[in-house]
1. Using just the alpha carbons, could you tell me how many Å³ per residue the convex hull of segment A:148-221 encloses?
2. How large is ³J(HN,Hα), in whole Hz, for each residue of segment B:170-179 in order, when computed from phi with the Karplus curve 6.51 cos²θ - 1.76 cosθ + 1.60 and θ = phi - 60°, using x for Gly and Pro?
3. Exceeding 32 Å between C-alpha atoms, which entries from my cross-link table qualify? They are A:224/B:201; A:160/B:60; B:61/B:201; A:98/A:224.
4. Between residue A:174 and residue A:255, what length in nm is gained on full extension when 0.36 nm per residue of separation is reduced by their alpha carbon distance?
5. Binning at 10 angstrom from zero up to the longest distance, how are the C-alpha pair distances of segment B:112-183 distributed in percent?
6. Where the Cα atoms of segment B:67-225 are projected onto their three principal axes, how long is each span, largest first, in whole Å?
7. What accessible area per residue comes out for segment B:74-194, rounded to a whole number of Å², with a 1.4 Å probe?
8. Stretch residue B:152-residue B:92 to full length: gain in nm at 0.36 nm per residue minus the Cα-Cα span?
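The values are calculated or read from the model by the stated rules, or taken from the named source; none is laboratory data. Here the structure is a predicted model, which means the values were calculated and not measured. Please note: Cβ atoms are built from the backbone with ideal geometry, for glycine as well, and neighbour counts cover all protein chains shown. Please note that ligands, DNA and RNA were not included when accessible areas were found on the heavy atoms of the full protein model with its side chains. Shrake-Rupley method; radii C 1.70, N 1.55, O 1.52, S 1.80 Å.
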Amino acid sequence: MAAADDLKFEEFGDAANLLPAPPDATAVTIEEPSQKPPAPRGLPRGPGREEDEELLSHSDSDKTELLAGQKRSSPFWTFEYYQTFFDVDTYQVFDRIKGSVLPVPGRNFVRLYIRSNPDLYGPFWICATLVFAIAISGNLSNFLIHLGDKTFHYVPEFRKVSIAATAIYAYAWLVPLGLWGFLLWRNSRVMSIVSYSFLEIVCVYGYSLFIYIPTAVLWIIPQKAVRWVLVTVALGLSGSVLVMTFWPAVRDDSRRIAIATIVTIVLLHTLLSVGCLAYFFDAPELDYPPVVTPTTTQKQTAASVKAG
Amino acid sequence: MAEADDRTFLGLSDVSISEDIPVEGEITVPMASHSQDEDYSTLDEPVKETIIRDLKAVGKKFVHVMYPKKSNALLRDWDLWGPLVLCVSLALMLQGGSADSKEDGGPQFAEVFVIIWFGAVVITLNSKLLGGTISFFQSLCVLGYCVLPLTVAMLVCRLVLLAGMGPINFLIRLIVVIAMFAWSTLASTAFLADSQPPNRKALAVYPIFLFYFVISWMILTFTPH
């Protein structure tokens with residue numbers, strides 16, 4: 001964000017130089033987080049160093065409250081830079097999850113819940129949970145469907161975890177990247193009121209995937225109608241969160257491009273959910289008829305008709 | 001002449017030394033524990049003693065995991081031997097499930113290894129990013145040692161599976177795995193939760209829960225060939 005860089009807080013570095021002090025006096029300098037050398041992560045630390053870390057993280061959060069929206073003052077190679085992306089409390093994460101599941105019509109998820117404090121905790125761990133929820137539920141559902149079948153040998157299907165992980169993490173990170181690039185390009189042509197940073201878009205996408213975790217667990221029920229109802233409900237809720245977030249960003253653009261953008265967002269979301277349902281969950285028992293006598297008698301009558 | 005005392009440090013501002021007098025002396029930092037270590041060198045002892053001392057340290061940590069109390073043994077003297085042994089034995093016991101390479105089988109050795117170590121590293125990074133005060137290797141040590149109950153569960157499952165498969169068999173395995181999963185999660189939470197800021201404890205504990213849940217799932221779904 002160019003605006004944030006221009007208004008970067010440089011106060012402490014300059015103030016230390018401006019302090020009137022005789023050149024011979026011993027000067028004690030308190031190192032600020034932005035000037036601290038990159039903390040080596042691999043070494044075990046003694047108790048003194050841990051206190052320093054705690055003080056620094058507190059001073060970071062104090063800075064955050066003062067400079068809301070301009071807090072990334074550490075260079076990107078220090079550990080403190082990445083700590084600013086995890087500056088959320090438990091109740092904040094719960095509020096954001098609630099906001100993604102119960103969309104309030106007319107209110108924007110980003111403005112209401114994120115408020116220039118996007119976090120990476122939610123997107124990362126919701127995606128991780130979703131990967132394992134889909135893989136485990138798919139495995140369980142297949143096991144229950146083929147329960148009476150003597151020819152079915154149960155395998156844990158561990159390969160599918162890597163496939164699920166690739167698909168979900170690619171969706172949650174590459175689609176926001178594309179969308180952010182697209183919005184940036186359109187903003188250079190059309191000045192719109194609302195523009196989002198890349199992290200805010202990642203946040204919205206990550207939290208909007210939360211509804212699929214209970215949906216995946218409920219997909220264990222081997223009824224086609226139930227599964228499609230679940231897909232529709234989940235798609236409706238998370239899709240509406242996405243649409244309400246991005247409509248203000250594109251509505252000032254030409255009508256066709258705005259509609260096309262929203263349709264693409266919803267289409268990709270649909271593709272993800274339907275694709276996961278189709279790949280990880282075998283079709284329920286309607287496609288696997290149990291071996292009963294009517295079919296054998298039908299074959300016998302068909303054979304007799306052919307012979308006769 | 002220097003008025004500064006040799007034994008007290010008064011700072012350079014109190015010292016005035018004329019230029020033709022060489023300054024010499026000793027700088028010693030009196031720390032009792034270090035001098036004790038210097039007297040007792042571990043370089044000359046027989047190899048057996050070294051190995052037995054390390055094995056005793058690992059064994060003591062195993063005991064601490066099985067009876068988790070508020071002790072600092074796991075945190076202060078961390079080591080990664082125990083986690084390595086547990087991880088390798090768990091990964092070996094999860095083999096022999098499906099030797100048929102054509103079907104989707106259970107996890108391979110490398111997959112189990114990567115899941116445990118990569119999962120532990122990610123959880124440690126997560127807790128540090130949330131503002132935890134624990135060090136990187138201490139957290140790895142605790143997470144690795146707390147896999148011990150699940151390794152015991154795997155051993156029990158393999159023994160139970162020798163009696164053939166069936167619903168009662170499955171029920172026994174389910175109960176054992178659930179109990180050991182709860183034990184692992186509670187043990188690691190007892191060690192790690194105190195190092196988190198109080199308003200983010202749940203955020204740091206949930207990934208640990210997910211980690212042991214995935215390992216328990218791998219153990220429960222193990223089917224012999």
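1. It comes to 122 Å³ per residue, whole-number rounded.
2. Values, residue by residue: 5, 5, 4, 4, 4, 5, 4, 5, 5, 4 Hz.
3. Among A:224/B:201; A:160/B:60; B:61/B:201; A:98/A:224, the Cα-Cα distance tops 32 Å for A:224/B:201; A:160/B:60.
4. Full-extension gain reported as 26.6 nm.
5. Histogram of Cα-Cα distances, whole percents per bin: 18, 36, 27, 14, 5.
6. 47, 30, 27
7. So segment B:74-194 comes to 43 Å² accessible per residue, rounded to a whole number.
8. Contour length minus the Cα-Cα distance gives 20.3 nm.
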